[in-house]
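Heads up: the structure comes next, in structure tokens.
Values quoted throughout were computed directly from the atomic coordinates according to the rules given, and no laboratory measurement underlies them. Note that the structure is predicted; figures quoted are calculated from it, not measured. In this analysis, Cβ positions are derived from the backbone assuming ideal geometry, glycine residues included, and neighbour counts consider all displayed protein chains.
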Amino acid sequence: MGLIRALSGAVSTALADQWKEYFYCEALPVDVLVAKGQKRVNGKVSSNTKGSDNIISDGSVVVVADGQCMIIVDQGKVVEFSAEPGAYKVDCKSESSIFSGSFGQSVIGLFKTMGRRITFGGDTGSDQRVYYFNTKELLDNKFGTPNPVPFRIVDNNVGLDIDVSVRCNGSYSYKITNPILFYQNVCGNVSDNYTRGQIDGQLKTEFISALQPAFGRLSEKQLRPNQIMTHLTDLENAMNDALDEKWGSLRGIEVVSIALGSVTLPKEDEDLIKELQRKNVYAKNQAMAGATLVEAQAEAMKNAASNANGAAMGFYGLNMAANAGGMNAQGFYERAEQEKQQKASEGGWTCPKCGTHTTGKFCPECGTKKPEEDAGWTCECGQVNTGKFCVNCGKPRPEAKRIKCNKCGWEPKEANNVPKFCPECGGPINDEDKK
């Protein structure tokens, strides 16, 4: 009885599987990453209603739409792949169909299929599947840093090099760029759909872990935390580099974009940075230090005048503090002038826009180009000047003489190529005119 049942099952399933199938996947929902392809069967008019599951007859059609990628798996192995929209005909000789190829060969294939299925007790003994992958950008994956992320702040302009802690939140998007890797290492032979909820928790944890090395890449560019939001492209590239081994090479996933809601520092770190920047400004700009001291002294004098023990007592205490601490604004101004003269003697130039002294062609602070140098002119009194008037006797800068023929007024086009005689009238051009 078992043999007869196997024979009957093999014959009935083999005949039912002769029909060609038509696979089509509707637009995948945003929460579905992979969907198993289903045969489209209209029960009212179609006779293809009793075919076996996971069997694709030779000559069947698989359709791929935009934003999708299709793979065909035969006996657990990926045998076909396509990410181009269109209809594709399946070449599956192991499951021949009398409606595909020559009739004689198809009949022979039918009997071979029946014989093989009899040996499996009537079972198909074969497994072919179609899977559709969602290759669109998967948006709105929210994240936040539960713990502060270390960030190194380097600013060579003020000699700043400290480590701070930052917190950030926002959302990121990703997409499947290598469906075969995703199938082999993540979803495998799913029976229905593989959704984002099955992997998003792991991805979010790994994403937050990768923020630290990514922030390290940004700190190498000497960015400050408040500048991170203006360098999101650099952050996306750094995140893909940090996640390449786990996401790109293992799962076939890449980060597409990152949107940061905020990047914040603890108040103590903010105050520390401001204090260090302020001290560096005073150390590099003696005039600024002097001006700050004058302001502080003026405020102290106001407080002394309103001293509850009397203005005289307040000013007495102020003078004692000044003598003890050596608070002398004039000393700062003198050192600033000495530094200015020293820089001038060492060469270089001072930016006319921000006042920074430098030796390059562009100002390192504001990017202003170095002004063109004026060769200067020598006054009759012997003083070399660069302005419009002599700094010694006050005479104006003489106008440059025009080289021309005294006879007809002809002028050469090139001052470095002046002939001895005028090409128009033949008159001589005196040496005095060439000066």
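Observations, loosely collected:
- Annotation: Cα Rg of region 221-266 relative to the compact-globule expectation 2.2 N^0.38 Å equals 1.32.
- Stretchable slack from Glu399 to Glu411, in nm (0.36 nm times residue separation minus alpha-carbon distance): 2.6 nm
- Seen from every direction in turn and averaged, the convex hull around the alpha carbons of region 134-247 projects onto 7.8 nm².
- For Ser165, neighbours were defined as the other residues whose beta-carbon sits under 15 Å from its Cβ, and their charges (Lys and Arg +1, Asp and Glu -1) total -1.
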